[in-house]
Amino acid sequence: GAFATCTSSPISLSALADGNHSYAVRQIDAAGNVGSADTVAWVVDTVAPPATTVTRTSPTSSPTSQTTAQISFNANEAGGTLECSVDGGTYATCAASPANLSGLADGPHSYSVRQVDTAGNTSTVSTVNWTVDTVAPPAPTVSSDRTGTTNQNTAQITFSANEAGGALQCSADGGAFADCAASPVNLSSLADGNHSYAVRQVDAAGNAGSATTVVWVVDTLA
């Protein structure tokens, strides 16, 4: 702006808009000679940076049985500092991305990242959440209408999980486990001899529980 006679020093400026600012002062001596100006310049920035981008790159599933995690993150504004927080802990300057976590206990986990720009404005926090579950589910409850030795070549197997979520897998006569059909399962045309039906649960984190097995013998020979 145009030069004008200064008020007394110091000068207090307020309500400055975001952007570049400068303040220049020059002296005119008693003879009317104009000296060169001395100028101070600065930038006002009251706008917080945009939220950071945070991704859990490994493992991507939740819940997971893995006790490690890899978190990738990046700022969406140049400059400033990224600050990270694990499981709600104190924010501290982030190490380089990706962050590799290990030895994670069972339970919920979180990784949060925010940016503090060069003017001291703090962005909103970006967070990834996941759950670690390394505990296998309990064995299912299984019952059969055939026990011991029977002359019937049919059987009805009833089963239910003892933990919510995941999937039940069934195995007939020692075969490979596969996802169960709906309970009850009706078996027919069973050959004479020993028979078994086993059921296990694989929880949402991929942990396979122990199997519950019912056994019986078919004997149709007089």
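The values are calculated or read from the model by the stated rules, or taken from the named source; none is laboratory data. Model, not experiment: these values are computed from the prediction. Ideal geometry is used to build each Cβ from the backbone, glycine not excepted, and the neighbour counts take in all protein chains shown. Accessible surface is based on the protein model in full, side chains and every heavy atom, while ligands, DNA and RNA are left aside. Shrake-Rupley method; radii C 1.70, N 1.55, O 1.52, S 1.80 Å.
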- Query: Applying the selection to the stretch 180-195, what residues are surrounded by 15 or more Cβ atoms within 10 Å (Cβ to Cβ) and part of a strand (DSSP E or B)?
  - Reply: V185, L187, H195
- Note on the structure: Matching residues in the stretch 143-179 (under 15 Å from N207 (Cα atoms), hydrophobic (A, V, I, L, M, F, W, C) and either in contact (Cβ under 8 Å) with a residue 60 or more places away in the chain or surrounded by 12 or more Cβ atoms within 10 Å (Cβ to Cβ) (or both)) number 4
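Residues in the stretch 52-61: is at least one open to solvent by 70 Å² or more (accessible area, probe 1.4 Å), touching a strand residue (DSSP E or B) at 6+ places or on another chain (Cβ under 8 Å) and not in a loop (DSSP other than H, G, I, E, B)?
No, because not a single residue in the stretch 52-61 is open to solvent by 70 Å² or more (accessible area, probe 1.4 Å), touching a strand residue (DSSP E or B) at 6+ places or on another chain (Cβ under 8 Å) and not in a loop (DSSP other than H, G, I, E, B).
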- Query: Do you know which of the residues in the stretch 196-222 that are in contact (Cβ under 8 Å) with a residue 40 or more places away in the chain, open to solvent by 30 Å² or more (accessible area, probe 1.4 Å) and under 16 Å from T149 (Cβ atoms) is farthest from the chain's Cα centre (by Cα)?
  - Reply: T220
- Which listed residue, of A211, A178, A164, A198, is closer than 27 Å to P63 by Cβ and either in contact with a His (Cβ under 7 Å, 6 or more places away or on another chain) or modelled with pLDDT under 95 (or both): A164
- Note: among T81, T93, T118, just one is touching a residue at least 24 places away in the same chain (Cβ under 8 Å), open to solvent by 70 Å² or more (accessible area, probe 1.4 Å) and out of contact with any helix residue (DSSP H, G or I) (no Cβ under 9 Å at 6 or more places or on another chain), namely T118
- Query: Applying the selection to the stretch 204-221, what residues are β-branched (V, I, T) and in a loop (DSSP other than H, G, I, E, B)?
  - Reply: T220
- Hey, could you check the stretch 31-51 for residues that are under 19 Å from N121 (Cα atoms) and of a type outside the set (A, V, I, L, M, F, W, C) and say which is most open to solvent (accessible area, probe 1.4 Å)? T46
- Message: Cβ-Cβ distance below 7 Å, separation of 6 or more or different chains: which pairs start in the stretch 1-18 with a residue that is over 21 Å from V43 (Cα atoms) and open to solvent by less than 100 Å² (accessible area, probe 1.4 Å) and end on one that is of a type in the set (V, I, T) and not in a loop (DSSP other than H, G, I, E, B)?
- Response: C6/V25
- Item | Selected residue (criterion: farthest from H109 (Cα to Cα)) from residues of the stretch 62-78 that are surrounded by 13 or more Cβ atoms within 10 Å (Cβ to Cβ) and polar (S, T, N, Q) | S72
